[in-house]
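Have a look at the structure below before the remarks.
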């Protein structure tokens with residue numbers, strides 16, 4: 001049993017001693033393309049689209065990357081020009097706060113209701 | 001009957017959602033990039049159509065309104081709006097800048113030869129990247145900026161007589 | 001002529017629906033609960049009329065009768081027969097007729113199966129279901145009539161959108177409709193159970209089969225749709241969190257929750273109220289999804305020829321449905337007994353429902369939030385994959401563990417007697433996860449944890465299966481298939497998500513490009529004339545130096561004439577280890593082609609696991625032990 005425990009610990013250490021950055025094998029450009037909406041298409045991202053508009057955005061994003069802009073700056077540049085609609089991940093701000101919070105409200109509320117049921121039984 | 005708090009909240013939420021859906025049914029859902037209105041235009045550097053020199057922000061005069069029109073010879077609505085641009089070219093207080101978008105030089109010149117040239121300056125954006133800074137996602141699009149280079153209006157799609165009147169109103173207001 | 005026949009059949013359906021409601025109402029008012037001959041007679045006529053009108057529409061599509069507007073707009077004489085038929089439900093009008101067919105079919109079958117045992121309950125169900133059918137029939141006849149005539153009759157049709165001309169997409173709508181339109185029957189049954197004061201256990205028994213059937217078809221429909229998106233849309237992804245997809249996923253969450261909690265009601269007679277609520281919201285969410293998709297309410301650059309009056313009708317119908325059903329529900333409040341033990345199957349099923357409601361809330365809020373920001377703040381936002389991945393992924397971890405332990409726990413009360421196998425399974429999952437990150441590449445913490453918990457679910461299910469077989473005890477094959485399948489599905493989705501490689505580049509004929517250890521050679525380009533389109537076919541060689549293989553791939557650009565469209569067909573080389581995926585598209589004004597090249601591991605496993613999951617429901621329905 002002791003042997004098992006040490007092995008367990010070693011494995012735990014190995015598991016969490018890992019690189020925290022995901023998707024290294026996808027270039028930063030593809031990652032950004034996947035996060036941008038192709039405005040002239042039906043629900044496609046820039047990465048997926050074959051449209052003219054997508055080709056142009058791809059060139060611009062790559063130019064920006066080679067000029068040294070980071071991901072966030074590129075999103076900000078494009079949403080300044082085209083509106084927030086172009087970015088697939090909504091910012092956490094006043095308007096969008098309920099979007100990010102409400103799923104967790106449901107989660108907590110559900111947990112509370114189940115808990116209440118059990119309490120009722122005990123009484 | 002005991003009315004629970006949760007019930008009232010869910011009831012209100014459902015009513016609210018239905019009202020929002022109802023309003024949303026009747027609003028225009030075409031997307032427009034109006035974000036740049038009220039902002040100063042970005043620095044740009046675009047080649048002339050006729051030669052290899054660049055045109056920049058500083059080459060824009062500071063005493064006139066400017067109308068930046070993005071067009072292409074392959075775009076049919078551009079033909080439609082062309083007469084309006086020709087009319088606007090008669091206005092003294094307005095500087096017309098045409099940006100030729102993803103086009104071939106020969107076709108662009110033929111287009112202007114056939115239909116007339118309304119532009120004071122013609123630039124060429126062969127790969128479409130420079131137009132990004134004006135929030136362009138299709139042709140034709142037209143942007144009206146004032147003498148301080150702040151965007152006043154943006155028109156998506158071909159200009160019509162209404163837009164023509166609007167532009168005249170803006171430039172002769174002051 | 002055909003138009004008139006079709007309209008007569010539709011009027012016949014509406015009359016018979018109306019008469020069923022009237023006669024059933026009579027029988028209910030007399031409190032005799034007698035199933036009169038005329039109810040059975042008109043029910044039979046109703047299903048005959050409805051099916052006949054559907055067959056007639058198929059007939060019109062097959063023989064290209066362009067005097068019907070729906071046929072003219074969505075068909076063409078040069079189209080292959082198979083796609084002429086699938087064109088029937090490839091458009092709004094025809095799909096609404098299919099919708100009504102499924103509602104009537106389920107209504108009829110439910111009535112035939114249940115009227116012998118509990119006549120009051122089945123009469124109430126019949127009347128509620130027929131009110132729903134009537135609502136949709138009125139919508140069909142006045143606002144989306146598939147038998148609408150045009151004069152003069154055109155010689156040729158406009159054709160079906162080429163990306164819809166595909167075998168997977170031909171069967172996708174009927175499967176999905178059997179799922180979420182089928183859920184109407186337990187909506188009606190729930191209202192009927194409240195009105196007839198039906199006993200919880202009987203209610204559970206009567207709807208259980210239908211829940212499982214609709215769940216299975218909904219799952220199959222979603223899978224087939226994803227497979228289609230994977231190879232046809234040329235994006236290499238299979239799930240985009242698009243509003244249209246979300247609209248099919250939301251009812252699926254409800255059905256999954258219901259399929260579990262209905263067991264508690266059946267076995268223990270608890271959770272009656274909750275099962276009723278779930279039965280009601282499943283169909284409500286289906287209609288809401290239809291409203292979102294059909295009304296054109298969701299933002300898009302192109303405003304399609306969508307008719308606000310359609311959206312308005314569905315919205316009014318939906319509101320009436322919600323309010324009347326919940327007023328009935330709250331008026332006749334049913335008192336739930338409740339006596340649960342913390343460690344029992346009931347608790348774990350509640351856990352399942354808890355997670356399902358969380359996923360449902362996430363997807364629902366994500367789908368409708370852009371509408372709210374537009375109406376209230378006049379800003380457009382996009383809620384896409386990054387949002388859903390970030391919110392849903394972490395909560396998958398406890399969910400998978402719940403799913404692993406749940407099936408083994410007994411009803412009423414159970415104790416964890418054996419910690420040892422538990423421990424071994426955890427260690428094994430950790431070890432496998434470690435090997436994965438060692439041999440492939442490292443990935444992030446959340447992915448690690450999801451992989452560990454999905455491995456835990458897989459191993460736990462297998463262990464339970466083996467001990468059951470050994471001891472020859474009762475084996476729940478359905479839950480084994482579904483739970484095991486789901487574990488494998490999540491495992492491979494996460495691995496696929498983390499280890500996919502994508503490259504986007506421009507290339508000319510004759511060029512060779514090197515990416516990593518691979519080389520892509522663009523050999524040549526040829527043009528072929530096919531049945532109803534021209535194809536530009538690229539010939540590519542993919543060589544991997546490390547693994548030393550050579551693959552030939554031929555992606556296509558198809559040029560369709562009717563209507564004039566370009567489609568991009570991907571070339572996929574698929575095996576158990578990975579898919580090699582290539583698409584090409586032309587770049588205007590240059591002789592370069594834009595190609596997207598992807599190496600996607602374990603795609604085949606994802607499909608197999610998804611089918612395994614879906615098979616669970618059908619196993620339960622058709623393989624009575």
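Just so you know, all these numbers are worked out from the coordinates, no wet-lab data involved. On a predicted model such as this, the values are computed, not experimentally measured, just so you know. With ideal geometry, Cβ positions are generated from the backbone for all residues, glycine too; neighbour counts draw on all protein chains shown.
The table for this structure:
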item: Computed [θ] at 222 nm, deg cm²/dmol, chain C (DSSP H ≥ 4; -39,500 (n - 2.57); rounded to nearest 500); result: -21500 deg cm²/dmol
item: 0 to 90° range, to nearest 10: angle between helix B:105-115 axis and chain B longest Cα axis; result: 90
item: Residues C:242, B:59, sorted so that the one with the fewest Cβ neighbours within 10 Å comes first; result: B:59, C:242
item: Per-residue average of Cβ from other chains inside 10 Å of C:242-250; result: 1
item: Shape category assigned to segment C:317-371 from the gyration tensor of Cα positions, a/c cut at 1.5; result: oblate
item: Extension reserve of the residue C:153-residue C:63 stretch, reckoned as 0.36 nm per residue once the Cα distance is removed; result: 31.0 nm
item: Rh by Kirkwood over Cα pairs, then Stokes-Einstein D for segment C:1-158 at 1.567 mPa s and 4 °C, µm²/s; result: 79
item: Mean Cβ count within 10 Å, highest first, over the residues of peptides C:183-191, C:507-515, C:110-118, C:601-609; result: C:183-191, C:601-609, C:110-118, C:507-515
item: Efficiency of FRET from Cβ geometry, residue C:138 and residue A:40, R₀ 41 Å, rounded to 0.05; result: 0.65
item: Nearest-ten-degree value, helix B:5-25 long axis tilted from longest Cα axis of chain B; result: 30
item: C-alpha long axis of helix B:161-173 to longest principal axis of chain B, angle in °; result: 80
item: Cα pair distances of segment C:504-604 binned at 10 Å [whole percent]; result: 15, 46, 29, 9, 1
item: Candidates B:60, B:88, B:13, ranked by Gaussian network fluctuation over chain B, Cα under 10 Å, top entry; result: B:13
item: Segment residue C:575-residue C:77, length gained on full extension (0.36 nm per residue, minus Cα span); result: 175.5 nm
item: For residues of C:591-602, the mean tally of beta carbons on other chains within 10 Å; result: 1
item: Whole-number percent relative contact order across chain C, with pairs defined as alpha carbons under 8 Å at least 6 apart; result: 11
item: Segment A:55-123 - convex hull of the alpha-carbon atoms, volume per residue in Å³; result: 120
item: Global form of segment B:34-174, assessed from the alpha-carbon gyration tensor, a/c cut-off 1.5; result: rounded
item: Spin-label pair residue A:113/residue B:47, simplified geometry with 7 Å Cα→Cβ offset, distance in nm; result: 6.4
item: Segment B:36-173, relative contact order in percent, only Cα pairs under 8 angstrom and at least six apart counted; result: 34
item: FRET efficiency estimate (nearest 0.05) - Cβ-Cβ, residue B:59 to residue B:169, R0 35 angstrom; result: 0.85
item: Residues residue C:548 and residue B:160, FRET efficiency given R0 of 60 Å [Cβ-Cβ distance, rounded to 0.05]; result: 0.45
item: Residue among B:26, B:90, B:69 with the largest mean-square fluctuation in a Gaussian network model of chain B, springs linking Cα atoms under 10 Å; result: B:26
item: Linear extension gain, residue B:6 paired with residue B:105, 0.36 nm per residue minus alpha-carbon span; result: 28.9 nm
item: Global form of segment C:193-312, assessed from the alpha-carbon gyration tensor, a/c cut-off 1.5; result: oblate
item: For segment A:38-98 and segment C:94-148, distance of Cα centres in Å; result: 46
item: Candidates B:57, B:162, B:107: whichever shows maximal mean-square fluctuation once chain B is modelled as a Gaussian network with Cα springs under 10 Å; result: B:162
item: Modelled label reach - residue C:29, point 7 Å along Cα→Cβ, segment C:132-158 residues with backbone N closer than 13 Å; result: none
item: Chain C - convex hull of the alpha-carbon atoms, volume per residue in Å³; result: 175
item: Ranked by how many other beta carbons lie within 10 Å on average, peptides C:556-569, C:205-218 from highest; result: C:205-218, C:556-569
item: For segment A:26-89, fraction of C-alpha pairs farther apart than 16 Å, in %; result: 36
item: Likely footprinting exposure, B:44, C:456, fewest C-beta neighbours within 10 Å first; result: B:44, C:456
item: Debye equation applied to the C-alpha atoms of the protein assembly as shown, log10 I(q)/I(0) at 0.05, 0.06 Å⁻¹; result: -0.34, -0.49
item: Rough spin-label spacing in nm, given labels placed 7 Å along Cα→Cβ, for residue C:116 and residue C:395; result: 4.4
item: Protection proxy ranking, peptides C:391-397, C:594-600, average beta carbon neighbours within 10 Å, highest first; result: C:594-600, C:391-397
item: Simple label model, 7 Å out from Cα along Cβ direction - residue C:604 to residue C:18, nm; result: 5.8
item: Shielding by partners - mean other protein chain Cβ count within 10 Å, residues of A:107-114; result: 5
